[in-house]
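A.B. asks: This is the structure I have questions about; it appears just below.
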Amino acid sequence: MEKDKLWWKNEIFYQIYPRSFQDSNGDGIGDLQGIISRLDYIKDLGITAIWLSPIYKSPMVDMGYDISDYQAIDPIFGTMADFDELMEEAQKRDIKIIMDLVVNHTSDQHPWFKEAISNPESPYRDFYYFKKTKDGKKPNNWRSIFGGSTWEPVPNEPGNFYFNSFSKYQPDLNWENPKLRKVIYKMINWWLEKGVAGFRVDAINFLKKDQDWKSLPADANDGLVSVIHKGQNRPGLEVFLDELKHETFEKYNAVTVGEAYGLTPAETKKMVGKNGSFSMVFDFGYMNIEVEDIDEWFRGQRDWTIPELRKLLFETQMELQGTDGWLATVLENHDQPRVLSKLIKNKSDQTATAAKALATMYFFLPGDPFVYQGQELGMKNTQFDNISKFKDINTMKNYQIMLDNGCSKEQALKMINFESRDNARTPMQWNGSEKAGFTTGNPWIELGNDRVGINVADEQTDPESTLNFYRQMISVRKEHQNILINGNLSEINDVPENIIAYKRELDDHELLVWVNLCDKVSKLPEKVEGKVLLNNYDDYSSREYRELDPYQAIVIYQ
Ligand code: GLC
Ligand code: CA
């Protein structure tokens, strides 16, 4: 019974960003029929569950994370009938589907908000945060995640404002209002009744805002302070999250994956496990080692080291060791640059070998591994030569602030090419042709410029490809499920500076992961031997390792 309850510990997730996955009708935008046509590819990879980024009706200011109808499919993606077909086709292949649940905010085009903003007497006003001030000034100095004040004036009502944590197009829902919460639960249960296996829950740590709404000392020249200090991971958040779980997910034994940047390991521990609010949360501990601040990356790059990465990789894991908590392990998503470009500093080292080394590093940690579309191909950041080619609202904000702070256009463009979320949003590379097999029309965003060689068609037939390495990793994961799910984790210490190594142990068995993250041969502190389950170099026959080649990764079973 208990085991069954934790069914989701066995899953291997694949994240689809529908807009950029597969276009079926030539309009240059990926859609549901496109996804259906690629289910065999996903199945063949060994994936057992899909997370779909938002496909709900939306004005797409934040590419679907601004929802104007929670129970309708946006026409650019298809219809509800297409969605039902996708569910059915996925089920035939034993693939589960989880949806993206964005309930911190709606679009400003949601009927609730339209009604709220145009009618002061509307009960929907309490679905959001409206605040009047006597002096006509904004209620406080908080800065939104996508730039500018969190307060937007209400038209024709001087001194009245509404609140948004992200952008003015994404007004925050008022979770303090029980009526709002009830409506949201009903909507969630409607999807669960439809048969979705669960949700990736967006921006969960924003649901609670400090109700004193007080200003804080400014943290930049604009006189504002990031909203995260008063509206992210705030006391009382857990009360909302627990109720949400009890009223919805729990009743259906659904899987939930929380998205929460900025959690400490101890905060993460509280979010998961039997008494936590989610089945798992993403481990973002090591996700943004490359920048000063992920919400405000205009602040620049960081010079980080492998020992630092190693520390972050194990930090939350060790906090959870011995508890019933569980993580979602991850290298990429639609909010991040490509991992190969992010973590491998030297361009000439951003090879398939390095892609496999990074993959090996995270795939055998405790947790459900998530693979983001194209990651399994070793896709890299693209290089756009002009700001006009970027589509992402958050990228635009960071660009503007860099210019405002005196950065040259070239410098700002360079930083954007390094960190923009659009790096992950260029179309999936199905083949090496001009349009990469993604569309027959004009793609909504320019294609990546690494598609020759880094694409499904070429990699399918190459036994040494990154794609086939992911296939192998997934089969190792399935074959050694017991040790990988239930085994103890320990970091292997006293290794050379550029090596990351760990051990999974259960009963009398050990699974060892050794990864060399540099371009030089590294001597191992001790001889490593056993059955070689994985190796990104062509020397399987060896049963004994005393050193690792540049970016070599091995997985050994004893
Ligand atoms: C999450 C999403 C991101 C979106 C933001 C606001 O962080 O992953 O894409 O912009 O929430 O909804
Ligand atoms: Ca389309």
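A.B. asks: So if I take the centroid of the Cα atoms in the stretch 421-471 and the same for the stretch 1-76, what is the distance between those two points in Å?
C.D. replies: Rounded to whole Å, the Cα centres lie 18 Å apart.
A.B. asks: Mean separation of Cα pairs under 8 Å and 6+ residues apart, divided by the residue count of the chain: what relative contact order is that in percent?
C.D. replies: 13
A.B. asks: Per residue, what volume in Å³ does the convex hull of the Cα atoms of the chain enclose?
C.D. replies: 149
A.B. asks: Okay, moving on. If packing is taken as the mean number of other Cβ atoms within 10 Å per residue, what is the order of 93-102, 311-320, 488-497, 218-227, highest first?
C.D. replies: 93-102, 311-320, 218-227, 488-497
A.B. asks: When only Cα pairs under 8 Å and 6 or more residues apart are kept, what is the percent relative contact order across the stretch 1-123?
C.D. replies: Normalised by residue count, the contact order of the stretch 1-123 is 24 percent.
A.B. asks: Below 30 Å Cα-Cα, how many Lys pairs turn up in the stretch 412-558? Only count pairs eight or more apart in sequence, or on different chains, if you could.
C.D. replies: Close lysine pairs under the 30 Å cut-off: 11.
A.B. asks: Between the stretch 139-167 and the stretch 301-375, what is the separation of their alpha carbon centroids in Å?
C.D. replies: 36
A.B. asks: If you don't mind, there's one more thing I want to ask. Which of Ser277, Ser475 has the fewest other C-beta atoms within 10 Å, and how do the rest follow up to the most?
C.D. replies: So the ranking, lowest neighbour count to highest, is Ser475, Ser277.
A.B. asks: Under 29 Å between alpha carbons, and skipping anything fewer than 8 positions from Lys134 in its own chain: which lysines qualify?
C.D. replies: By straight Cα distance, Lys134 reaches Lys114, Lys168, Lys179, Lys208, Lys209, Lys214, Lys230.
A.B. asks: Which of the peptides 47-59, 183-195 is most tightly packed, and how do the rest follow, going by the mean number of other Cβ atoms within 10 Å of each residue?
C.D. replies: Peptide ranking by packing, descending: 47-59, 183-195.
A.B. asks: Ok, one more. Going by how many other beta carbons lie within 10 Å of each one, how would you line up Ile73, Ile306, fewest first?
C.D. replies: By the 10 Å Cβ count, ascending: Ile306, Ile73.
A.B. asks: Rank-order 331-339, 284-292 by packing density, defined as the average count of other C-beta atoms within 10 Å over each peptide's residues, highest first.
C.D. replies: Per-residue mean Cβ counts within 10 Å order the peptides as 331-339, 284-292.
A.B. asks: Quickly estimate the mean residue ellipticity at 222 nm for the chain, helices only: each DSSP H run with n ≥ 4 gives -39500 (n - 2.57), and the total goes over all residues, rounded to 500.
C.D. replies: Estimated from H runs of four or more residues: -8000 deg cm²/dmol.
Bear in mind that the values in this text are calculations on the coordinates, not laboratory data. Since the model is a prediction, treat every value here as computed from it, not as a measurement. Cβ sites come from the backbone with ideal geometry, for glycine too, and all protein chains shown count toward neighbours.
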